[in-house]
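No value in this document is a laboratory result; all are computed from the given coordinates. These numbers were taken from a predicted model, which means no experiment stands behind them. In this analysis, Cβ positions are derived from the backbone assuming ideal geometry, glycine residues included, and neighbour counts consider all displayed protein chains.
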Amino acid sequence: MTTENVDPLAGVRAPGDPPCDVYLTGTVFLDIIFTGLDSAPVRGTESWARGMGSSPGGVANMATALARLGLRTSLAAAFGDDHYGEYCWETLERGEGIDLSRSRTVPGWHSPVTVSLAYDGERTMISHGHEAPVSAASPEPPRARSCVASLSPGQPQEWIGAAARAGSLVLADTGWDDTGRWDLAALPDLEHCAAFLPNATEAMRYTRADSPRAAAHALTRTVPLAVVTMGADGAYAVDGGTGETAEVPAIVVEALDTTGAGDVFVAGFLTGTLAGWPLADRLALAGLTAALSVQEFGGSLSAPGWGEIAAWWQRVRQLTPESGPLGQALERYAFLRDVLPEDPRPWPRRRAVPTLGFRTPT
């Protein structure tokens with residue numbers, strides 16, 4: 001076995017299983033990322049970036065993160081019939097192996113675009129786009145082990161309930177509530193979700209709790225499993241059914257670009273969930289993959305695969321003493337021994353090309 005063909009679900013696959021492991025739908029953006037900025041742009045001046053890349057973004061961040069972790073991923077999305085849309089389709093389908101059979105190209109519709117500026121470990125984004133004239137989401141989603149949904153206040157999505165009734169495990173995250181009401185009742189699809197993964201600010205605003213941990217406990221009155229991400233403080237999870245809790249500290253890294261880190265976290269957590277891992281191990285994998293992702297630029301470009309995870313595991317075992325606090329922290333990731341091959345290639349290069357592409361020599 002090599003890092004290129006690690007199947008985290010090998011131990012649970014059986015005849016008659018759904019054809020895909022995870023289904024999701026949403027908007028694909030073309031992301032243009034500028035890195036190496038010393039500070040935020042100043043009005044009336046020109047800023048030069050030391051690095052730049054382009055990649056599919058939006059829901060493509062999540063889809064790529066899932067596919068790179070070995071999950072059979074199906075994405076329903078609308079793609080523009082411009083060069084941007086063609087590039088995104090090609091990158092996701094051929095470069096990442098994502099099933100786009102439920103996606104469609106929309107004639108005359110241009111691809112949404114986001115420009116992301118990364119500096120000081122933060123990001124500022126400028127986006128432009130128009131709503132697709134047709135919806136890619138089907139009220140009858142495919143048969144899948146799981147689905148990932150992004151919830152927006154006051155915008156129920158018919159396919160989520162259909163997926164849950166068909167037996168899919170539904171995980172959901174959310175974004176900023178522009179209405180300012182922060183009312184869980186405005187997220188009716190939570191009743192179909194097995195887990196909810198907001199960040200600390202979102203969780204505390206929705207529950208009116210005074211800490212992320214208290215917010216996680218409060219959320220289990222609405223959803224069976226609550227996972228609250230706390231940035232540099234790691235993540236905290238509560239299983240409302242069993243009362244089990246788990247907390248994993250963040251891995252300290254030098255962040256280049258945080259774009260897509262939340263998507264990578266969800267992808268790691270879902271992978272461990274489908275594999276049947278303990279709650280703490282699922283949190284640990286999610287935190288590790290998110291930490292690896294922020295060391296590269298771009299949302300989908302930065303998503304790590306098992307090659308990056310194996311290389312990290314090999315490296316830290318070589319550099320970390322077995323005794324003492326660091327050794328105890330390393331033991332938190334000992335479950336990786338049962339997943340990863342013994343001979344990973346050191347720090348494999350990313351599969352996607354961080355540009356719209358070069359002309360083929362003739």
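Some notes on this structure:
- Mean separation of Cα contacts under 8 Å (6+ apart) over length of the chain, as relative contact order %: 18 percent
- In a reduced charge model with +1 at each Lys and Arg Cβ and -1 at each Asp and Glu Cβ, segment 79-219 shows a dipole moment near 480 debye about its Cα centre.
- For ARG104, ARG145, ARG337, order by how many other beta-carbon atoms lie within 10 Å, fewest first: ARG337, ARG104, ARG145
- For the chain, the antiparallel share of DSSP beta bridges with both residues in that region comes to about 45%.
- Charged neighbours of ARG282, selected by a Cβ distance under 13 Å, balance to -3 (K, R count +1; D, E count -1).
- Inter-part distance where segment 156-215 and segment 51-91 are each reduced to a Cα centre, Å: 24 Å
- Across the chain, the longest run free of exposed loop sites, meaning chymotrypsin sites (Phe, Trp or Tyr not before Pro) lying outside DSSP classes H, G, I, E and B with no more than 14 other Cβ atoms within 10 Å, spans 177-357.
- Among THR179, THR271, the order by Cβ neighbours within 10 angstrom, fewest to most, reads THR179, THR271.
- Per residue, the chain reaches -8000 deg cm²/dmol at 222 nm when only DSSP H runs of four or more residues are counted, each adding -39500 (n - 2.57).
- What you get for the chain, charging only the Cβ of Lys and Arg (+1) and of Asp and Glu (-1), is a dipole of about 340 debye around the Cα centre.
- Using a Förster distance of 30 Å, the FRET efficiency for ALA162-THR242 (Cβ separation, nearest 0.05): 0.60
- Residue order, fewest to most beta carbons within 10 Å, for ILE33, ILE126, ILE309: ILE126, ILE309, ILE33
- Longest segment of the chain lacking GluC sites (Glu not before Pro) that sit in a DSSP loop with at most 12 other Cβ atoms within 10 Å: 132-253
- The local environment of GLU191, defined by Cβ-Cβ distances under 15 Å, has a net charge of -1 under the rule Lys, Arg +1 and Asp, Glu -1.
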